[in-house]
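Working notes, beginning with the structure itself.
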Amino acid sequence: MSGGRDVVRSTYLIETPHALGRAVEVMAGEQSTGTFVAVPGETDEVKTRSAARIVGIEELEPVREPSLPGAKLPTAWDGLYRRGRVTLEFPLHNFGPSIPNLMATVAGNLYELQEFSGLRLLDLELPEAFCSRYRGPKFGVEGTRRLAGVHGRPIIGTIVKPSIGLTVDELRLLVRELADAGLDFIKDDELNASPTFAPIEDKVEAVMEEIERAADRKGKKVMYAFNITGDIDELKRRHDLVHAHGGTCIMVSIQSIGLAGLAHLNGYSELPIHGHRNQWGMMTRSPMLGMEFAAYQKLCRLAGADHLHVNALDSKFYESNESVIRSVRALREPFAGGAHACMPVLSSGQSAATAEDTYRQLGTYDLMNIAGGGIMAHPDGPAGGVRSMQQAWKAAIAGIPRETYAERHAELRRALETFTRRG
């Protein structure tokens, strides 16, 4: 947040064949009072009231090739595409404390302007008025830990695999096995919400029967994140279904339902919201397009995500370890008037072999460590996979080398033998 000032401050990385100052003027005008030509209504009074203000322009090293197609070259051009870090301020009264209208301003048509061969939203500073409109995560790290009954270590979980295709009866058997294995958390895959062969009504009933029976046997109730992604009218019906059956978590694909959909869900949700960011790559994979996670996570947290995916170290995805580390740190920073911290979700390529390095580089265990194959493909089965993850994290937090700890813990030893990468 930017304190009590009634402005939104947004920072961008831009690339343009034009002079930086001229390009930024076009950008500021397009997103506030201006258009491609002067119009009679754009008076000095209107500009004073509603024009975007250029706060700063930091010139960076230029390049000779455009990052993106479509930029129109100036008449007199020296062959360089100039880059800069640019900060603009927009008056709050232009759009009010509204995430949808904020997005139209800070991440709207400016991406299409022909003056630019690259443009990326790096960060946002929002006024306190947004906190009055959006309450942010209701559960966050502490509320999730309370419901899951896990303290002093990460929440260890897995994903239903195969991602899609299991009948309700097949899912029931898998959940029974996973719940008996001692997992803290199970989640639906983003591909699996309510397939016609396994509608969510039947799925919730079967899964919760198995979870409650396992809780009676073992004294531990597994948190299951049901994927309730759907149209707006479906969100509440599916949330209420999960809540009525004693479920303790729901999941949505944030880009699928939109930030407004997430905020709508958070308005009545009585369960933690597990935010999956699938489709994120198309928003950010090009380094000169889209937005940084630093900005994205603020919007997701403001709209109510209690958990948010960040990939993982050495994962199967393109994202660098440095980017993952920055993402986790961003989620741990105070934001939105002291609202609950959002829990980072590390998944992809995770196993007992990754715990030590993850803890060393992140310096926190306030996270979800989600392992698919690292649990399911353990030589001793899912139960051995869960125990190996618990052992690996216990060793990491205690500062004991994993190989040393593995000497007296067979599940960890077999996990290291199976999952340690050799290159």
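The values are calculated or read from the model by the stated rules, or taken from the named source; none is laboratory data. Predicted model only: the values in this text are computed from it and were never measured. Reconstructed Cβ throughout: ideal geometry from the backbone, glycine too, with neighbour counts over all protein chains shown. All accessible areas refer to the heavy atoms of the entire protein, side chains included, with ligands and DNA or RNA removed. Shrake-Rupley method; radii C 1.70, N 1.55, O 1.52, S 1.80 Å.
A compact table of results
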read-out	value
Signed unit charges on C-beta, dipole axis of the chain, positive-most listed residue Leu102, Ser388, Gly79	Ser388
Using a Förster distance of 30 Å, the FRET efficiency for Leu173-Asp357 (Cβ separation, nearest 0.05)	0.30
Share of carbon and sulfur in the accessible heavy-atom surface of the chain [1.4 Å probe, %]	49
Charge dipole (debye, nearest 20) of the stretch 183-235; +1 at Cβ of Lys and Arg, -1 at Cβ of Asp and Glu	500
The chain: most fluctuating residue of Leu166, Leu346, Leu119 per GNM, C-alpha cutoff 10 Å	Leu166
Size of charge dipole - the chain - debye, nearest 20, with Cβ of Lys, Arg +1 and Asp, Glu -1, no other charges	920
GNM top mover of Asp233, Asp357, Asp314 - the chain, alpha-carbon springs below 10 Å	Asp233
Loop-located GluC sites (Glu not before Pro) in the stretch 260-358 whose Cβ has at most 15 other Cβ within 10 Å (DSSP)	Glu270
Estimated inter-spin distance, Met282 and Ala410, nm [label 7 Å along Cα→Cβ]	4.9
Out-of-range pairs (alpha-carbon distance over 24 Å; input Lys221/Lys298; Lys138/Lys187; Lys298/Lys394; Lys203/Lys236; Lys161/Lys203; Lys218/Lys394)	Lys221/Lys298; Lys298/Lys394
Overall dimensions of the stretch 218-281 by Cα: Rg and Dmax, Å	12.0, 40
Size of charge dipole - the stretch 84-242 - debye, nearest 20, with Cβ of Lys, Arg +1 and Asp, Glu -1, no other charges	660
FRET efficiency, Asp123 to Val63 (Cβ-Cβ, R0 22 Å, nearest 0.05)	0.50
Trypsin sites (Lys or Arg not before Pro) within the stretch 348-423: DSSP coil, no more than 11 neighbouring Cβ in 10 Å	Arg408, Arg421, Arg422
Linear extension gain, Ser256 paired with Glu212, 0.36 nm per residue minus alpha-carbon span	12.8 nm
Farthest positive-ward along the chain dipole, Cα basis, beta-carbon charges - from Cys249, Ala148, Met288	Ala148
Accessible surface of Asp169 - all protein chains present, 1.4 Å probe, nearest 10 Å²	110
Per residue accessible area in Å² of the chain, where ligands, DNA and RNA are left out and the probe is 1.4 Å	43
Qualifying chymotrypsin sites (Phe, Trp or Tyr not before Pro) for the stretch 53-144 [loop in DSSP, other Cβ within 10 Å: at most 14]	Trp77
Per-residue SASA entry for Glu205, accessible area with 1.4 Å probe, Å² rounded to 10	90
Rounded to 10°, Cα long-axis angle of helix 410-419 versus longest principal axis of the chain	50
Potential extension, Arg329-Lys394 segment - 0.36 nm per residue separation minus Cα distance	21.2 nm
Most fluctuating residue given options Leu302, Leu124, Leu362, as computed from a GNM of the chain linking Cα atoms under 10 Å	Leu362
FRET efficiency, Val55 to Ala19 (Cβ-Cβ, R0 22 Å, nearest 0.05)	0.75
Compactness of the chain - radius of gyration and Dmax, Cα, Å	23.9, 80
Prolate/oblate/rounded call for the stretch 226-382, Cα gyration tensor, a/c under 1.5 rounded	oblate
Solvent-accessible surface (1.4 angstrom probe) belonging to Thr354, in square angstrom, nearest 10	30
